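Worksheet for the structure shown next.
The values are calculated or read from the model by the stated rules, or taken from the named source; none is laboratory data. Not measured: the values here are computed from a predicted model. Here the Cβ positions follow ideal geometry from the backbone for every residue, glycine too, while neighbour counts run over all protein chains shown. Note: areas computed on protein heavy atoms with side chains; ligands, DNA, RNA excluded. Shrake-Rupley method; radii C 1.70, N 1.55, O 1.52, S 1.80 Å.
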Amino acid sequence: MKKNIVANWKMHKTRQEGLSFLAALDHTEHVGVYIAPPFTLIQDMAEFVRGTSVRIGAQNMSGHNSGAFTGEISVTMLKDVGASFVILGHSERRNIFLESDEEIAAKVERAVCENIPFILCVGEDREEKNADETQEVIKNQLVTAFSSLTEKHLKNAQIAYEPVWAIGTGDVATPQIVDEVHMFIQEVLSEMFSRETALRTPILYGGSVKPENFSALVELKSVSGALIGGASLDVKLFNQMIKMIKD
Ligand code: PGA
């Protein structure tokens with residue numbers, strides 16, 4: 001399976017900075033390169049990469065398609081400006097903006113109905129990890145998010161295991177933890193759908209990924225790539241990680 005590298009820029013960069021990043025990006029078709037800038041950069045960046053294999057997407061979207069939802073962006077609007085994927089259920093959406101599992105399920109359903117590829121983030125926080133609840137938390141997040149889906153709806157889905165305690169902390173999960181949790185996610189997908197779907201659905205790791213720890217994580221068979229925050233803002237570091245997959 002081709003490995004993917006996903007940049008989550010969070011609330012960073014202007015349009016000019018986004019385009020300069022793309023001008024210096026060293027991508028290859030052998031690696032799936034996905035970039036999720038802030039909404040305001042999507043159109044310009046999508047136009048810039050048109051005709052290449054690089055995909056530009058969004059970090060979030062509404063679970064509604066239109067209406068009186070001040071400050072929200074719908075999937076139709078995202079597609080209109082050239083977004084070709086969306087990240088759903090990021091832990092910052094869950095924890096800072098208090099998105100519930102049910103709201104995330106509505107967004108997943110919307111993405112599926114509108115046929116936009118999505119990356120669902122799941123992961124436990126430090127307290128849950130210390131209480132040995134990782135599997136329970138992740139299973140619950142997956143089961144709720146995918147409750148209304150059938151196997152065919154997962155065709156365009158990826159899952160990102162992002163332990164909250166590893167995001168932006170420099171405290172990366174060990175390859176052993178990542179491998180165990182990724183296999184557990186495959187088990188849950190097998191139970192919910194089928195073994196085939198479980199093996200076909202890419203599972204990414206995210207949380208303090210940088211060139212120093214990248215290879216050990218991404219070379220695991222259970223890891224289909226990485227979702228990167230901080231280290232994805234620097235095009236030199238991002239290029240280095242693309243090259244590590246390519247080589
Ligand atoms: P980080 O962020 O790489 O800065 O830890 C990852 C994420 O939030 O997706």
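Here is how the numbers come out for the structure above:
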{"read-out": "Of all accessible heavy-atom area on the range 6-158, the percent that carbon and sulfur account for (1.4 Å)", "value": "47 percent"}
{"read-out": "FRET efficiency for Ser100 and Asn130, using Cβ-Cβ distance with R0 set to 22 Å, rounded to 0.05", "value": "0.45"}
{"read-out": "Packing-based ranking, highest mean first, of 22-31, 99-108 given that Cβ atoms within 10 Å are counted", "value": "99-108, 22-31"}
{"read-out": "Packing-based ranking, highest mean first, of 33-46, 137-150 given that Cβ atoms within 10 Å are counted", "value": "33-46, 137-150"}
{"read-out": "Rounded accessible area per residue of the chain, 1.4 Å, Å²", "value": "47 Å²"}
{"read-out": "Percent RCO, i.e. relative contact order, over the chain, from Cα pairs under 8 Å lying at least 6 residues apart", "value": "20 percent"}
{"read-out": "Three-way shape label, the range 145-188, alpha-carbon gyration tensor, a/c 1.5", "value": "prolate"}
{"read-out": "Asp234 versus Glu187: modelled label distance in nm, points set 7 Å from Cα along the beta carbon direction", "value": "3.8 nm"}
{"read-out": "Label-to-label distance, nm, for residues given as Asn156 and Ser53 (7 Å Cα→Cβ offset)", "value": "2.0 nm"}
